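The values are calculated or read from the model by the stated rules, or taken from the named source; none is laboratory data. A quick note: this is a predicted structure, and the numbers were derived from the prediction, not measured. Glycine also receives a Cβ, built like all others from the backbone with ideal geometry; neighbour counts cover every protein chain displayed.
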Amino acid sequence: MLERRQMGRVPAKHHIAFEKPDGDLYWEHCFTREGFDGTYTILYHQHRPHEQRPKATTHGWPAPEAAGTERPLAKRHFLSQDMERVGGPPVDARVPLLFNKDVVLAVMHPDQADPVYLANADGDELFFIFEGTGTLRTPLGELRFEPLDYVYVPRALPYRLIPDEGVSQYWLSMECRGGLDVLKQFRNEAGQLRMDAPYCHRDFRTPDFNGIQDDGVRDLIIKRGDAFSGFEQTNPICDVVGWDGAVYPWVFPMLNFQPRAGLVHLPPTWHGTFAMRGGLVCSFVPRVVDFHEKAIPCPYPHSSVDVDEFIFYVRGNFTSRKGVGPGSISYHPAGMPHGPHPGAYQASMGHSRTDEMAVMLDTFERLVPTPAALAIEDSGYMGSFIE
């Protein structure tokens, strides 16, 4: 969570009467995290926010499932750029590729607006917009998103994703089942982002709030336990006249991340951007590389005995890898040494900059591929590291 914000009209104090012009009351709605111990936002609705009628639904995406027989340990390369673009609205478009108890990683190519609101009670949502533009709509306001944006939606907040018509969409989805936040070490004792953090409050875009918005959509889908339950509301879902608090969606442009450079190669933790339960999201962006006269900018061979490594390649020249391109996904499991392809280590010496861009996720729990992932696997990747 970033900081407290106040939008629209709110009363002078929590939990007191907030009267409409006709003398009736607005409905206070407390949206809390960690029970009542964590961050929260209070919304003020025109109508009762808890008035839903069950309604059958066919919307949703498949729950992640392991790909049958256990596969041997291996470095793997998945070609998400070769996936069929099935389209549809975002609520139906996700194709899970890798998962564990903390995160589900999926790729999606929506080409329609969500016809319903979705409240994902299974986790916070983090989308990386590889290609595309559109709007995120919630009761807290609207947010525009563009290529290379991270889009964050808090757990259980109703939202619609509205891709722009006629624009190619290609998104990476991270369903963060234990929550997502900025790293604790980037905050000072007042909760403000520190001046030595790799981003500041100004780097984040927060919702534009224009009061009650009735888009005519009354259907709400709630996801819990990987099951989708449908409901119908009598009144507009975005009937909020004001809100204040520290729980709300935001957009963070990847290129707003401020990379570090060192005398010699810095470990990936210096690229840490967001923390989730059991994982760290990192952003690799164009940057100056190491400046010792004998520095080797290419990452050194590494045995990570605690985490699996997932990388979604975005653009640029990936100095440590051959045969990967935009949309490639590499997966290197814990316990197995991994490092640059033959020739890359030596060839990187003397370079002063890198233009590579990628999203990395390190997870403490083992990531499991789905059948959809194995269907797009590059079978020669493991052997490509043999000189």
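So which of Glu142, Glu146, Glu165 ends up being without any contact (Cβ under 8 Å) to a residue 12 or more places away in the chain and surrounded by fewer than 23 Cβ atoms within 10 Å (Cβ to Cβ)?
Glu165
Looking at segment 326-344, can you tell me whether even one residue there is assigned to a loop (DSSP other than H, G, I, E, B), among the aliphatic types (A, V, I, L, M), at pLDDT 80 or above and in contact with an Asp or Glu (Cβ under 9 Å, 6 or more places away or on another chain)?
Within segment 326-344, one or more residues are assigned to a loop (DSSP other than H, G, I, E, B), among the aliphatic types (A, V, I, L, M), at pLDDT 80 or above and in contact with an Asp or Glu (Cβ under 9 Å, 6 or more places away or on another chain).
For the list (1) surrounded by fewer than 18 Cβ atoms within 10 Å (Cβ to Cβ); (2) out of contact with any Pro (no Cβ under 8 Å at 6 or more places or on another chain), I need the number of the one condition that Ser80 fails.
If we test Ser80 against (1) surrounded by fewer than 18 Cβ atoms within 10 Å (Cβ to Cβ); (2) out of contact with any Pro (no Cβ under 8 Å at 6 or more places or on another chain), just (1) comes out false.
Within segment 244-254, identify whether any single residue is at pLDDT below 95, surrounded by fewer than 19 Cβ atoms within 10 Å (Cβ to Cβ) and not in a strand (DSSP E or B), and answer yes or no.
No, that holds for no residue.
Among the candidates Arg224, Arg260, single out the residue that is within 25 Å of Leu367 (Cβ to Cβ), exposed (fewer than 15 other Cβ atoms within 10 Å of the Cβ) and in contact (Cβ under 8 Å) with a residue 60 or more places away in the chain.
The match here is Arg224.
Exactly one condition in (1) under 29 Å from the mean Cα position of the chain (by Cα); (2) not in a strand (DSSP E or B) is false for Cys30; which is it?
Result: Cys30 fails condition (2) only.
Determine the pairs where a residue that is within 15 Å of Asp239 (Cβ to Cβ) and touching a residue at least 24 places away in the same chain (Cβ under 8 Å), located within segment 15-29, has a partner that is part of a loop (DSSP other than H, G, I, E, B) and basic (Lys, Arg) with Cβ atoms under 7 Å apart, the partner being 6 or more residues away or on another chain.
Between residues of segment 15-29 that are within 15 Å of Asp239 (Cβ to Cβ) and touching a residue at least 24 places away in the same chain (Cβ under 8 Å) and residues that are part of a loop (DSSP other than H, G, I, E, B) and basic (Lys, Arg), the close pairs are Tyr26/Lys20.
Being more than 20 Å from the chain's Cα centre (by Cα) and of a type in the set (A, V, I, L, M, F, W, C) is the filter; apply it to segment 229-252 and report the residue that is nearest to Arg53 (Cα to Cα).
Ranking the candidates gives Phe231 first.
Are any of the residues in segment 299-321 within 26 Å of Pro253 (Cβ to Cβ), surrounded by fewer than 19 Cβ atoms within 10 Å (Cβ to Cβ) and of a type in the set (A, V, I, L, M, F, W, C)?
Within segment 299-321, none of the residues are within 26 Å of Pro253 (Cβ to Cβ), surrounded by fewer than 19 Cβ atoms within 10 Å (Cβ to Cβ) and of a type in the set (A, V, I, L, M, F, W, C).
Only one residue in Met254, Met276 is touching a residue at least 40 places away in the same chain (Cβ under 8 Å) and touching a Cys at 6+ places or on another chain (Cβ under 6 Å). Which one?
Residue meeting the stated conditions: Met276.
Any idea which of Tyr26, Tyr44, Tyr40 is within 19 Å of Gly179 (Cα to Cα) and at pLDDT 95 or above?
The unique qualifying residue is Tyr40.
Could you please find all residues in segment 263-273 being in contact (Cβ under 8 Å) with a residue 60 or more places away in the chain and surrounded by fewer than 19 Cβ atoms within 10 Å (Cβ to Cβ)?
Listed by number, the list holds a single entry, Pro268.
So in segment 69-127, with the set limited to residues that are under 18 Å from the mean Cα position of the chain (by Cα) and among the polar types (S, T, N, Q), which one is nearest to Asp215 (Cα to Cα)?
Asn120
Could you say which residue among Thr206, Thr234 is within 22 Å of Phe252 (Cβ to Cβ), hydroxyl-bearing (Ser, Thr, Tyr) and in contact (Cβ under 8 Å) with a residue 12 or more places away in the chain?
Testing whether each residue is within 22 Å of Phe252 (Cβ to Cβ), hydroxyl-bearing (Ser, Thr, Tyr) and in contact (Cβ under 8 Å) with a residue 12 or more places away in the chain leaves just Thr206.
Kindly list, by first and then second residue, each pair from a residue in segment 286-307 that is assigned by TED's automatic domain parsing to the domain that holds Pro259 and under 12 Å from Gly339 (Cα atoms) to a residue that is surrounded by 14 or more Cβ atoms within 10 Å (Cβ to Cβ) and among the polar types (S, T, N, Q), limited to pairs with Cβ atoms under 8 Å and residues at least 6 apart or on different chains.
Sorted first by the residue in segment 286-307, then by its partner, the pairs are Cys298/Thr319; Cys298/Ser320; Cys298/Ser348; Pro299/Ser320.
Here is a list: Thr39, Thr69. Which entry is within 22 Å of Lys101 (Cα to Cα) and not assigned by TED's automatic domain parsing to the domain that holds Val107?
Just one listed residue meets the conditions, Thr69.
Quick one: in segment 367-387, of everything that is exposed (fewer than 15 other Cβ atoms within 10 Å of the Cβ) and not in a helix (DSSP H, G or I), which residue is farthest from the chain's Cα centre (by Cα)?
Among them, the one singled out is Glu387.
So, Met336, is that one farther than 18 Å from Thr354 by Cβ and surrounded by 21 or more Cβ atoms within 10 Å (Cβ to Cβ) or not?
Answer is no for this residue.
Could you grab me the full set of residues in segment 301-325 that are part of a strand (DSSP E or B) and under 22 Å from Ser173 (Cβ atoms)?
Asp308, Glu309, Phe310, Ile311, Phe312, Tyr313, Val314, Arg315
Taking segment 121-140 as the region of interest, how many residues are of a type in the set (A, V, I, L, M) and either closer than 15 Å to Ile221 by Cα or part of a loop (DSSP other than H, G, I, E, B) (or both)?
Total satisfying the criteria: 2.
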